[in-house]
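Report on the following structure.
Computed from the coordinates by the stated procedures, all read-outs in this text should not be read as laboratory data. Being a predicted model, the structure only gives us computed values, none of them experimental. Cβ coordinates were reconstructed from backbone atoms using ideal geometry, including for glycine residues, and neighbour counts include every protein chain displayed.
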Amino acid sequence: MVTFEAIKIARHTIADTINSTPILRSTQLSKLFGNHMFFKAEHLQQTGSFKIRGATNKVKQAVKDGASLVTAASSGNHGQAVAYIANQLGIPATIVVPEDANQSKLNAIKAYHGSIEKCGYTSADRLPRAEALAKENQGVVIPPYDDPLIIAGQGTVGFEILEQLEDVDVVVVPIGGGGLISGILTAIKEKKPSIKIIGVEPDTAQDTFLSLQSGQITSIPPTRTIADGLRTTHPGHVTFPIVQHYIDDVVLVREPEIKAALSLVLERMKQLIEPSSAVTVAAAMFNKISVHNKNVVCVLSGGNVDIRLIETMIQ
């Protein structure tokens, strides 16, 4: 299990790279949702998402251990984060992406001087190639979520929430592979177990929800959702026991609810977030979290949106 002490160490390790992101408040959304609403703004983070936290923690350790390069299997935020920190540390990074990867995401990886290799269409195609490239070049694969150093880095989000707000009742967190929520759970539950942590998944990508119901890791077929950062087929083997141990609840949101939440945040708060972030707002907006007049923090995990798709997202 990842510990609070590991998260404190990670915070020191990554402090010179990441931003301590602000917590935004919204009077309008508070009135609409019936709670005091706060928003942890990881969409304003370096590289546009929380992923840089875990990537920095892991890549710095890889460099310390003598890695000559790093690889990652990712078409999105994780790939951008790995490319960014590798470039900062002066080592090459190769990001293995799907054949149909979005061009805006490829442009972002290239902007951070990451090399790109296309391979297949699923993570099952990409990960073996990333592992092979690392092995061929004495490198290290940087996993997207299922790794203690990654989880500890993501847990610094929870550490900051505790510092920034004195009185928190509920924290709402998106769930993909579970790296972010397992880190936040560890950071918060080890210090303030009374704070309720609620995870959110799209109802078409409910692998953690089903795994908790069955009491074991449960896989689902590849799926589609506008929240593309949450399209995992099963929770991680490292992340799931943490989620299972600490989580208070996991709720599901529908595609129209995600779109409505994204539109509302853009219209009322003037913040452009990605659909994977909007699931937490949707959970609060559509009464999935079952609290009233409480201090609720929604984690906005990222803001990397393909601007060509914004119109379809907010219709």
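Each Cα pair under 8 Å and six or more residues apart adds its sequence gap; the mean of these over the residue count of region 51-141 is a relative contact order of 32 percent. With K and R counted +1 and D and E -1, the other residues having a Cβ less than 10 Å from that of TYR246 yield a net charge of -1. Using only Cα atoms, locate the centre of region 162-198 and the centre of region 57-119, then give the distance between them in Å, rounded to an integer. Cα centroid to Cα centroid, the span is 28 Å. Each residue of region 188-198 was assigned a 3J(HN,Hα) from its phi angle through the Karplus expression (A = 6.51, B = -1.76, C = 1.60, θ = phi - 60°), giving 8, 5, 6, 10, 9, x, 6, 5, 7, 10, 10 Hz with x at Gly and Pro. Ranked for footprinting exposure by Cβ neighbours inside 10 Å, fewest first, VAL305, VAL250, VAL172 give VAL305, VAL250, VAL172. Tell me what the chain gives for mean residue ellipticity at 222 nm when only DSSP H runs of n ≥ 4 count, each as -39,500 (n - 2.57), the sum divided by the residue total, rounded to 500 deg cm²/dmol. Mean residue ellipticity, 222 nm, calculated: -13000 deg cm²/dmol.
Pairs LYS51/LYS135; LYS259/LYS288; LYS8/LYS60: which exceed 21 Å Cα-Cα? Over 21 Å Cα-Cα: LYS51/LYS135. Around SER26, under 13 Å between beta carbons, what's the net of Lys plus Arg minus Asp minus Glu among the other residues? Once all neighbours under 13 Å are counted, the net charge is +4.
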